[in-house]
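Notes to accompany the following structure.
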Amino acid sequence: MIRSATPDDLDAIAALHLEARSTYYRGHVPDTEFAGAEELARSREGWSRAVERGDVLVAERDGDPAGVAAYSRGDDGTVTLTQLHVRPEHWRRGIGAELHAACLDVWRAEGFTEARLLVFEKNERARSFYTAHAWAPDPDTPRSGTHLVLRLTLAPGTE
């Protein structure tokens with residue numbers, strides 16, 4: 001089930017976020033950038049703001065968050081997918097695809113015609129996922145530090 005996140009989800013979302021990030025950052029950036037109590041608190045605060053705005057979707061399995069996606073709306077007609085994480089034990093079960101499709105539905109309903117995201121360059125799993133879902137390198141700004149910038153045209157009713 002995909003649903004809007006609530007404040008009651010914040011602890012589970014922050015933990016899921018850190019668990020997922022540790023799988024692709026470990027060995028590439030210092031652990032202090034994605035692990036520990038201080039990072040967990042910082043993450044929870046960021047998710048709190050997104051939940052308050054209504055910009056977070058949760059994929060729930062057996063009553064617990066198994067995946068989460070967050071986005072932000074731009075003033076230029078573009079929406080940015082800021083986070084999409086699935087608990088590693090739920091990988092390859094379609095949860096990421098369900099969250100992605102739910103985001104597209106929301107964005108199209110709100111009239112967005114283009115989306116963007118940043119993906120950690122060394123995160124091969126995420127890069128493959130986004131390529132399979134029609135995201136392509138941004139021709140104007142292909143990079144942002146250690147991340148690749150991807151864009152997606154939101155044609156009505158297609159993915």
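A short reminder: the numbers here are calculations on the coordinates, not readings from a lab. Please read these numbers as outputs of a predicted model, since none were measured by experiment. Cβ atoms come from the backbone with ideal geometry, glycine included; neighbour counts cover every protein chain shown.
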Task: Dimensionless Rg/Rh of the chain - Kirkwood Rh, Rg from C-alpha atoms - done: 0.94
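Once Rh is set to the Kirkwood radius over Cα pairs, what Stokes-Einstein translational diffusion coefficient, in µm²/s, holds for the range 36-120 at a temperature of 25 °C and a viscosity of 0.890 mPa s?
After rounding, the answer is 178 µm²/s.
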Open item on the list: If I model a spin label as a point 7 Å beyond the Cα along the Cα-Cβ vector, how far apart are those points for Arg44 and Ala155 in nm?
Closed with: 4.5 nm
Task: Karplus (6.51, -1.76, 1.60) ³J(HN,Hα), θ = phi - 60°, over the range 92-107, in Hz, Gly and Pro reported as x - done: 6, 10, x, 5, x, 5, 5, 5, 4, 4, 5, 4, 4, 4, 4, 5
Task: Dipole of the chain [Lys/Arg +1, Asp/Glu -1 at C-beta], most positive-end residue of Val56, Leu10, Cys103 - done: Cys103
Open item on the list: Whole-Hz ³J(HN,Hα) for each residue in the range 139-145, computed from phi via Karplus 6.51 cos²θ - 1.76 cosθ + 1.60 with θ = phi - 60°, x for glycine and proline: what do you get?
Closed with: x, 7, 9, x, 9, 9, x
TODO: With only Lys, Arg, Asp and Glu charged, each at its Cβ (+1 for the first two, -1 for the last two), find how big the charge dipole of the chain is about the Cα centre; round to the nearest 20 debye.
DONE: 420 debye
- [ ] For Glu114, list long-range residues whose amide hydrogen, built 1.01 Å from N in the peptide plane, is under 5 Å from its own amide hydrogen.
- [x] Val79, Leu154
Open item on the list: If I model a spin label as a point 7 Å beyond the Cα along the Cα-Cβ vector, how far apart are those points for Ser144 and Thr23 in nm?
Closed with: 2.3 nm
Open item on the list: Stokes-Einstein diffusion coefficient for the range 112-159 at 25 °C in a medium of 0.890 mPa s, Rh from the Kirkwood formula over Cα pairs: what value in µm²/s?
Closed with: 223 µm²/s
Task: Long-range amide H partners of Thr82 with built H, under 5 Å - done: Ala70, Tyr71, Ser72
